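Values in this text are rule-based calculations from the coordinates and carry no lab data. A quick note: this is a predicted structure, and the numbers were derived from the prediction, not measured. A quick note on method: Cβ atoms are made from the backbone with ideal geometry, for glycine too, and the neighbour counts reach across all protein chains shown.
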Amino acid sequence: MPFLSGSELEKVYGQANRSGYGFIASNIAEPNVLIGLLRAAQEKNSDLVLQLSNGASKFAGDGDPIRGLRVMSNYIEEIAENYDFGVFLNMDHLKESNMGLIKAAVDEKLASSIMIDASKESFGDNVRITREVVDYAEGSGVLIEGELGKIKGVEDEDTASAEAFYTDPEEAVEYVKRTGIDLLAVSVGTEHGVSKGKDIELKVDLVEEISETLAKEGCDVPLVLHGSSGLVEEQLVQVLDYGVCKLNKDTRYQYEYARAALDFYLEHKDSVLPPEGVKDDREGFFSDTDWSPVKSDFDPRVVSRKIRERIKETAKNLFEQAGSVNKSLYT
Ligand SMILES: [Zn+2]
């Protein structure tokens, strides 16, 4: 099944919200993580929400984010044909300065949803910038996520905010009404980047209050938690009951990627590195010695398979925690 439109994603989030489960929105920048995630969703019969940031789009496009998005979007669409669950692509943390990428994503239907992050601006500017993106996407079927409050930490290789500013429930109502967004990212104690569950003061009461205040005013938008990599399972489960249906994870996969590669190469060090006393003659490809590197260990596809497997196992666990297992609307 190819990746699906925002109107389908709206149904998926709506169903999740009504039933008290959510989705891990998993960041990708290259195919190994993507394939691990697709296999996890297949084994767990879960729909899948993928995310690309501006930085990841630039990375994939060798410096050009629009080409990078086209490449990744087409790659996902082609590979997803082999699977029978819903696959969605969200654009993560796009800024006012990424308007070219936003327009390409909408015009060329390259994504299911877009997050416009103007949370660092004043309330008025946040409303204005977010509204502009909502207006641009109108009628395209692409959902728009806005953010109110500031989430502490490092996002997409930049330090976003050194301090957290929590989302105010009343302000959230005004923000949703004035912008017309489809999803609202809130700041309730999670942090972008490496953070630990034990250090996170997750404000579950605030999530509940935001959710109830919005519902009372007829602004039932699903909530999004960024920086959820460090959340422990019980913290995650708590927020799912209060209207959170998208939990962003990036850092956790990055770490598992590095660990899978490191574990493999440490285990097969002798297949790659010449032993002591043997000259490191890469130019001559070790022709003067009896020792040879082992191709079946240094072929990049070998370590890539390990990475895909590790990402798959990690994601399966996270999908279990989010409750999206066996809930695909498309099988
Ligand atoms: Zn984020």
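Values as computed for the structure displayed
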{"quantity": "Highest average packing first - 31-40, 175-184, Cβ atoms within 10 Å", "calculated": "31-40, 175-184"}
{"quantity": "Nitroxide proxy distance, nm - points 7 Å out along Cα→Cβ at E267 and E138", "calculated": "5.6 nm"}
{"quantity": "Taking the chain and dividing mean pair separation by its residue count, relative contact order in percent (alpha carbons under 8 Å, at least six apart)", "calculated": "23 percent"}
{"quantity": "Bridge type composition, region 7-161 - antiparallel percent by DSSP, nearest 5", "calculated": "15 percent"}
{"quantity": "Lysines whose Cα lies under 20 Å from that of K269, excluding same-chain neighbours fewer than 8 positions away", "calculated": "K279, K295, K306"}
{"quantity": "By average C-beta atoms within 10 angstrom, highest first, the peptides 226-233, 16-23", "calculated": "226-233, 16-23"}
{"quantity": "Cross-link partners of K316 among aspartates and glutamates (Cα-Cα below 18 Å; sequence separation of 8 or more within a chain)", "calculated": "E43, D47, D84, E233, E234, D250, E256"}
{"quantity": "Rounded to whole Å, sorted largest first: equivalent-ellipsoid semi-axes of region 207-259, Cα gyration tensor", "calculated": "28, 11, 6"}
{"quantity": "Against the rule of thumb 2.2 N^0.38 Å, how large the Cα Rg of region 278-331 comes out", "calculated": "2.07"}
{"quantity": "P(r) of region 113-211 over all Cα-Cα pairs, binned every 5 Å from zero, in whole percent", "calculated": "2, 13, 23, 22, 20, 13, 5, 1, 0"}
{"quantity": "Residue pairs, from the table K44/K103; K203/K249; K11/K196, whose Cα atoms sit over 26 Å apart", "calculated": "K44/K103; K11/K196"}
{"quantity": "Gaussian network model of the chain, Cα within-10 Å springs - most flexible of S46, S304, S57", "calculated": "S304"}
{"quantity": "Estimated FRET transfer efficiency (R178, E212; beta-carbon r; R0 22 Å; 0.05)", "calculated": "0.65"}
{"quantity": "Selected from S122, S53, S73 as most flexible by GNM, with the chain as the system and alpha-carbon contacts under 10 Å", "calculated": "S122"}
{"quantity": "log10 of Debye I(q)/I(0), alpha-carbon scatterers only, for region 14-64 at 0.22, 0.25, 0.30, 0.32 Å⁻¹", "calculated": "-0.83, -0.93, -1.10, -1.17"}
{"quantity": "Average Cα contact separation per residue, region 231-331, under 8 Å, 6 or more apart, as relative contact order %", "calculated": "37 percent"}
{"quantity": "Degrees between helix 300-322 axis and first principal axis of the chain (Cα, 0 to 90, nearest 10)", "calculated": "30 degrees"}
{"quantity": "DSSP-defined beta bridges in the chain - what % are antiparallel, rounded to 5", "calculated": "10 percent"}
{"quantity": "Per-bin percent of Cα-Cα distances, region 1-133 [10 Å]", "calculated": "12, 42, 34, 11, 1"}
{"quantity": "Value of D in µm² per second that Stokes-Einstein yields for region 97-137, Kirkwood Rh from Cα pairs, at 37 °C (0.692 mPa s)", "calculated": "309 µm²/s"}
{"quantity": "Calculated diffusion of region 133-291, Stokes-Einstein form, Kirkwood radius summed over Cα pairs, 10 °C and 1.306 mPa s, µm²/s", "calculated": "85 µm²/s"}
{"quantity": "Within a Gaussian network of the chain (alpha carbon springs, distance under 10 Å), most fluctuating of E313, E234, E283", "calculated": "E283"}
{"quantity": "Kirkwood-based Rg to Rh ratio, the chain, C-alpha trace", "calculated": "1.03"}
